[in-house]
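Report on the structure given below.
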Amino acid sequence: MTESSTGLCQMYNETGLKSAEVLETVAEPAVTAIDLACIGFGPGGISLAAAYSDWRDVQPQGASVPSLRFIERRPGPAWQPGLLIRGADLNHHFLRDFATPRDPRSRFTFACYLKETGRLFQFGHLGGRVSRVEWNDYVVWTARHFDPLVRYGLAVRSIAPAAMRNGAPNLIELELDDGSRMAARNLVVSTGQFPRVPEPFRPHLGPRMFHSAGFLDRISAFDRAAPLKICVLGSGQSAGETLLWLYDHFPNAQLTSVHRGLPFRLVDIGHFSNEVFFPDQVPYFHALSPEKRRMAAQEYHLTNFSAVDIDISQGLYWRMYEDRVLGTTRAEVIARHAASEIEPVGEGFRIRFVDGLSGAERMVDADIVVLCTGYHEPAFPPLLEPLRKWIVTDSSGGPEVALDYRVRTASGFGPALYLNGVTERTHGASDASSLSMTALKAQTILESFLTNRNR
C-alpha cells in the first residue's frame, strides 16, 4: 500500500474503493443480474440487511423475493477497529440500534443481542452506557446473521453502465478486485465518509503520521516505554480519547495537543438541541435550500463535532493538573494554531504552527503525528463517476437526492441508485457520522426499492 499523497483515497477509503474509472465501452452483463447490490457493509449496510431479512420473514411461503448482495473490502465485519479503545464509550443511545426504531420486535435489536449473550441484567447496572468494544461486538453479532449475503475481502474496482437501451443503461456492472464481475439492477452506495487529512500533512502520511481511523494498529508498532514526542491534532472526541489513551499507555512520552480553535469544548448534550437527530428533522432539513442547509449544519455542529464528553475533559484536565502538582510537564495544549509548514527531520517531523488570531508562530517537533481531524463526504461520490452523465446534480455539484435517499437520474436510466450514510449535505445531522437513523434509513430505502421494483 502506497504511503504517498497519490494513494490517499486508496489508503483511507472506508470501503477500499479505488478511484472510479470511466469505462469507454459499455459492457453487457457477464453474470445473472441480482436485484440490489450494496457496496459497503458497515452500519448502513447491516441495517439494510436486517430490514430486508425481517421483511422477507413475513412474506407468504413461495412468494418471489428480490435478491440482495453486499460487497465489503474488510475480511469480516468490524466497526472502527482502529479506535476500539478500552474504556471508551459510545456517544449514542443503545436503543438507536440497527432495528429498534424500525421495529422493536426485530431479532436484530441491541436488546436481543444482550439477551442472547447473557448480559442483559449486567448491562442494566451500567445505566445505559455502551462501550465501543461492546458496540463492535454487537456489529459483528448482527452482521454474522447475513454471511450468505455478503462477499467479504473484496473491493469494488470500478462500475460501468450495462445493458444499454435507447442510450441509457438498464443494469450496472461492478468489477471486483479479484477480477470477478457482478451485475445489478439497482445499487446502494453505503461506503461511509472518508477520513479528512489537511493538505499540509498529505505528502507525509506513513507509519509515523496517520489518521486516527487506524490509531491502534499504527501505534502498536512503537515501544511504549520510549521517550517519544507525539503530536495529536484535533478537538473532537477521538482526539480526546487518543490523548487520554496515550497519557496512560506511553508514560515516558511528551504529548502535544494542537487545536485550530478553543481546545476540547464540551459536546452539546442539551435535550432540545439534540432533537436535531430525531426523524422529523430529516424532511425539514431536506426541504431547505443548499445555503439554508449549510446554516442549519453550523447550528448542530457541537452536538457531534469538535467537542468531547465531560468525562474526557475531566480525565485530561485531572492528569495535567496532577503533573503540575508533581512538578512535571508531560502534555501541552496549544489553542488557535494551524499547521503552515512540515519538514521531515530524521524519522520525525518539525511542524510550524501559526496562531490564527495573533499570527505568532510555534515550532513543534514530533516523532509521531496522529491526525484526529474528522471525516468528510465528497459532494459527488467518486464511485458514481462512470454514471455522472445520467445523474442530476444540484448547485453544490453533488447528486440530487430525494427524501427516500434515491439519486435523481435522467429519463430512461433504468437502475435505482441509493445513497446510504453519505447524505449529510441533503439529509442533515442524522447522516453526520451518526448512528441515530440507520434503522429508519434502511427501512426507507428498502420500501422505496420494493415499491419501484413492483411497478
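None of the figures in this text is laboratory data; all of them are computed from the coordinates on show. Owing to the predicted nature of the structure, the values given are computational and were not obtained by experimental measurement. Neighbour counts are summed over all protein chains in view; Cβ atoms, including those assigned to glycine, are modelled from backbone coordinates with ideal geometry.
Run the quick spin-label model on Val65 and Leu262: label points 7 Å from Cα toward the beta carbon, then report their separation in nm to one decimal.
Computed distance between label sites Val65 and Leu262 equals 5.3 nm.
Would you mind calculating the relative contact order of segment 175-278 from Cα pairs under 8 angstrom and at least 6 residues apart, reporting the percent as a whole number?
Dividing the mean separation by the residue count of segment 175-278 yields 20 percent.
Expressed as a rounded percentage, what relative contact order does segment 339-455 have, with Cα pairs under 8 Å and six or more residues apart?
Taking the mean separation of contacting Cα pairs over the length of segment 339-455, I get 13 percent.
Quick one: net charge around Phe70, please, counting Lys, Arg +1 and Asp, Glu -1 for every other residue with C-beta under 12 Å from its C-beta.
Net of charged neighbours comes to +2.
Note down the nm distance, to one decimal, between modelled labels 7 Å out along Cα→Cβ at Asp178 and at Ala78.
With each label placed 7 Å out from Cα toward Cβ, I get 1.8 nm.
Can you give the relative contact order of the chain as a percent, counting alpha carbon pairs under 8 Å and 6+ residues apart?
Relative contact order for the chain comes out at 22 percent.
Compute the Cα gyration tensor for segment 84-212, then decide on rounded, prolate or oblate, letting a ≥ b ≥ c be the square roots of its eigenvalues: rounded whenever a/c is under 1.5, prolate when a/b is larger than b/c in the other cases, and oblate in all that remain.
Oblate shape, in that a/c is at least 1.5 and b/c is the bigger or equal ratio.
Taking 0.36 nm per residue of sequence separation and subtracting the Cα-Cα distance, how much length would be gained by fully extending the chain between Arg107 and Asp365, in nm to one decimal?
Extra length available between Arg107 and Asp365 comes to 87.7 nm.
From a point 7 Å beyond the Cα of Leu302 in the direction of its Cβ, which residues of segment 232-246 have a backbone N at a distance under 16 Å?
Taking a point 7 Å out along Cα→Cβ of Leu302, the residues of segment 232-246 whose backbone N falls under 16 Å are 235-237.
Report the residues of segment 364-394 in range of a label on Arg294: point 7 Å along Cα→C-beta, backbone N strictly under 20 Å from it.
Under 20 Å, as judged by backbone N against the label point of Arg294, lie 375-381, 393-394 of segment 364-394.
What does the extension gain come out to for Leu403 and Asp355, with contour length at 0.36 nm per residue minus their alpha carbon separation?
Gain in length upon complete extension: 13.1 nm.
Quick one: if you stick a label point 7 Å off each Cα along the C-beta vector at Phe222 and His286, how many nm between them?
Rounded to a tenth, the inter-label distance reads 4.5 nm.
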